[in-house]
1. Give the dimensionless ratio obtained when the Cα radius of gyration of the range 1-82 is divided by 2.2 N^0.38 Å.
2. Could you run the Karplus curve 6.51 cos²θ - 1.76 cosθ + 1.60 with θ = phi - 60° over the range 100-114 and give me ³J(HN,Hα) per residue in whole Hz, x for Gly and Pro?
3. Taking amide H positions as placed 1.01 Å from N in the peptide plane, with prolines and chain starts having none, which residues 5 or more places from VAL51, or on another chain, fall under 5 Å of its amide H?
4. In Å², and per residue, what accessible area does the chain have when probed at 1.4 Å with the other protein chains present?
5. Would you mind working out the magnitude of the charge dipole of the chain relative to its Cα centre, with +1 at each Lys and Arg C-beta and -1 at each Asp and Glu C-beta, to the nearest 20 Debye?
6. Using modelled amide H (1.01 Å from N, peptide plane; none on Pro or chain starts), what sits under 5 Å from the amide H of LYS117, excluding residues fewer than 5 places away?
7. If each DSSP helix of 4+ residues adds -39,500 (n - 2.57) and the sum is divided by the residues in the chain, what number results at 222 nm, nearest 500 deg cm²/dmol?
8. Rg (Å, one decimal) plus Dmax (Å, integer) for the alpha carbons of the chain?
Amino acid sequence: MLTNNTEELVHGIQNGKYKSAIITTHHKPDGDAMGSSLGLYHFLKKFVQHVQVVTPTDYAENLFWLPGNSTVLDWEKEQSQGEELLKNADLIFCLDFNRLSRINNMGEVVRQTAAQKVMIDHHLEPEEFSDFTYWNPIASSTCELVYRWIEHYFGSTEISKDVATCLYTKWKLFPNAELL
């Protein structure tokens, strides 16, 4: 049931086409949201000059241990800086949500940017706002989808310790969750 039209995106990433990428997730992000965002962040840093995670709101302190947490920008606290980053981005990765309304007032700014939008998600009935989509409603999590996307297109050797630590967040926080 996978929807995937990311081959052109992958080639662009591999060939250095993109210079700036923003990664965002839903408001009040949980472990899947932050784990997938920071896992993708660590991966993309190898290919894109400037990568930034921007959350629409704050999130629980029990996620602050994640590698890269200190680099995350909270839109509610630093909206003007967030707007500038979005305005100058080549790519905006939208993780663990499928409707721009899930990122509050940041959604309209994302919609209006010239950046190409990438949705990686597992929730039902996605809104059509993205240029590239990697969507599977039977996946256990967005962390799983980010892992599968990286492994399929770039190979498992690109899964560093930091990438793996972040993507494993769902299972660290919910040890009884099953992998597909």
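The values are calculated or read from the model by the stated rules, or taken from the named source; none is laboratory data. Computed from a predicted structure; not experimentally measured. Don't worry about glycine lacking a Cβ; one is built from the backbone with ideal geometry, like all the others, and counts go over all protein chains shown. Side chains included, ligands, DNA and RNA excluded: accessible areas come from the protein's heavy atoms. Shrake-Rupley method; radii C 1.70, N 1.55, O 1.52, S 1.80 Å.
1. On the way: Rg = 13.7 Å, N = 82, 2.2 N^0.38 = 11.7 Å.
Dividing the Cα radius of gyration by 2.2 N^0.38 Å gives 1.16.
2. 5, 5, 6, 10, 6, 5, 5, x, 5, 5, 4, 4, 8, 6, 7
3. The list, which skips near neighbours in sequence, is ALA21.
4. On the way: 8510 Å² over 180 residues.
That works out to 47 Å² for each residue.
5. Values: 15 positive and 24 negative charges, 75 e Å.
The dipole of the chain has a size of about 360 debye.
6. Answer set, sorted by chain and number: ILE92, ASP131, PHE132.
7. Values: 7 runs with 64 residues, N = 180.
Counting only the DSSP helices, I get -10000 deg cm²/dmol.
8. When restricted to Cα atoms, the chain yields Rg and Dmax of 14.7, 41 Å.
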